[in-house]
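The block underneath contains the structure these notes are about, expressed in structure tokens.
Values quoted throughout were computed directly from the atomic coordinates according to the rules given, and no laboratory measurement underlies them. Worth saying up front: this structure is predicted, and the values here are computed from it rather than measured. A quick note on method: Cβ atoms are made from the backbone with ideal geometry, for glycine too, and the neighbour counts reach across all protein chains shown.
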């Protein structure tokens, strides 16, 4: 390509648009031959009676942050949303909203991160769309991804399936993503490296369902709103009380220290590579052991339990022995973290 930035003409549907697609976007993301570039993708491999379908949009600021960028974040987020339903992610669409003036080198870096993330999760990017908006009418790049997954089993972990006696598990430290993005955006020196936890969790979910089956009652990824908001949603859906143990919450010293300085609570800080699972209490230790043997699960922890049927309360037993009520996040604690 002759230009080194995005021009309005790249969104015109004409020669520049075709150059952008044929010389940059398609070669990196999908390698679809020109003869196969039609108005819709034909997806092989769907033999299930049901499919999972999800969509999400990514407007994170900044678009590049410690440990990742908006590209791999978009792929991992969609993969994880499908996985939390118990589905095997199969295919993803990518919609790019580009602002005039975006550097092609930066776009190439984002596209390459998307392809690497898709390959890691073993999903295909099968279709997409690109639009260009005038300078000042966007913020460099926004991405929309939609995903389709298939079910290879009859298991359906849902938010309404938690019951008394179940245990609450998480696959590692909380708050890393939100704090990494905030520190990068505001130029904060945290005195240590804090990087996004963005990662595909579909392989871990597949292993949990394969080994523990119907003992896996709930799967959910605590992204915006953090662990607290996600557990509150589950408590309301299931009509149960959830009690967390503060001393068991896995939080890095860097994130805990930054939150203390900024007046934030790690429970409400976003994650992008974490899953919460609520499991039959009788096999919780076995499930935890499985999680710890999986990639992205080495620091998994049992952090709480379902105590009784109720109107949907979440409590936390503090380090000094008291009980603290946990509610949903009110407002936007950290804007544009995904």
Can you give the relative contact order of the chain as a percent, counting alpha carbon pairs under 8 Å and 6+ residues apart? 22
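Of all the Cα-Cα pairs you can form in region 8-150, what percent are over 22 Å apart?
On the way: 3780 of 10153 pairs.
Everything past 22 Å amounts to 37 percent.
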Per the Cα gyration tensor, region 93-181 corresponds to an equivalent ellipsoid with semi-axes, largest first in Å, of 35, 19, 14
Could you work out how far helix 253-262 tilts from the main Cα principal axis of the chain, as a 0 to 90 degree angle to the nearest 10? 80
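Report, in deg cm²/dmol and to the nearest 500, the calculated mean residue ellipticity at 222 nm for the chain, where each DSSP H run with n ≥ 4 adds -39500 (n - 2.57) and the sum is divided by the residue count. Please list the in-between numbers first.
On the way: 9 runs with 97 residues, N = 338.
Here the helix-only value at 222 nm equals -8500 deg cm²/dmol.
Find the Rg to Rh ratio for region 167-326, where Rh is the Kirkwood radius over alpha-carbon pairs and Rg uses the same atoms.
Checking Rg against Rh, the ratio lands at 0.97.
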Which angle from 0 to 90°, rounded to the nearest 10, does the C-alpha axis of helix 202-212 make with the longest principal axis of the chain? 40
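With a 10 Å radius around each residue's Cβ, average the other Cβ atoms per peptide and rank 315-327, 7-19, 195-207, highest first.
On the way: 315-327: 12.5, 7-19: 15.4, 195-207: 22.3.
Highest-to-lowest ranking by the protection proxy: 195-207, 7-19, 315-327.
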In nm, to one decimal, how far is the residue 185 label point from the residue 3 one, both placed 7 Å along Cα→Cβ? 2.9
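Listed highest first by mean packing, meaning other Cβ atoms within 10 Å per residue, what order do 225-232, 127-134 come in? The partial results should precede the final answer.
On the way: 225-232: 24.1, 127-134: 16.8.
Top of the packing list down: 225-232, 127-134.
Give me 84, 328, 114 sorted ascending by neighbouring Cβ count inside 10 Å, so fewest comes first.
On the way: 84 23, 328 15, 114 27.
Placing the least packed residue first, the sequence is 328, 84, 114.
Sorting check: for 295-303, 86-94, which peptide has the highest mean count of neighbouring beta carbons within 10 Å, and how do the rest follow? Spell out each step's value before the answer.
Working: 295-303: 18.1, 86-94: 23.2.
Descending packing order for the listed peptides: 86-94, 295-303.
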Among rounded, prolate and oblate, which fits region 87-135 when a ≥ b ≥ c are the square roots of the eigenvalues of its C-alpha gyration tensor, a/c under 1.5 means rounded, and a/b larger than b/c means prolate? oblate
Computed from these coordinates, which is Cα Rg over 2.2 N^0.38 Å: (1) 0.97; (2) 1.16; (3) 1.04? (3)
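Work out how much length residue 310 to residue 245 would gain on full extension: take 0.36 nm times their residue separation and subtract the Cα-Cα distance, in nm to one decimal.
Gain in length upon complete extension: 21.5 nm.
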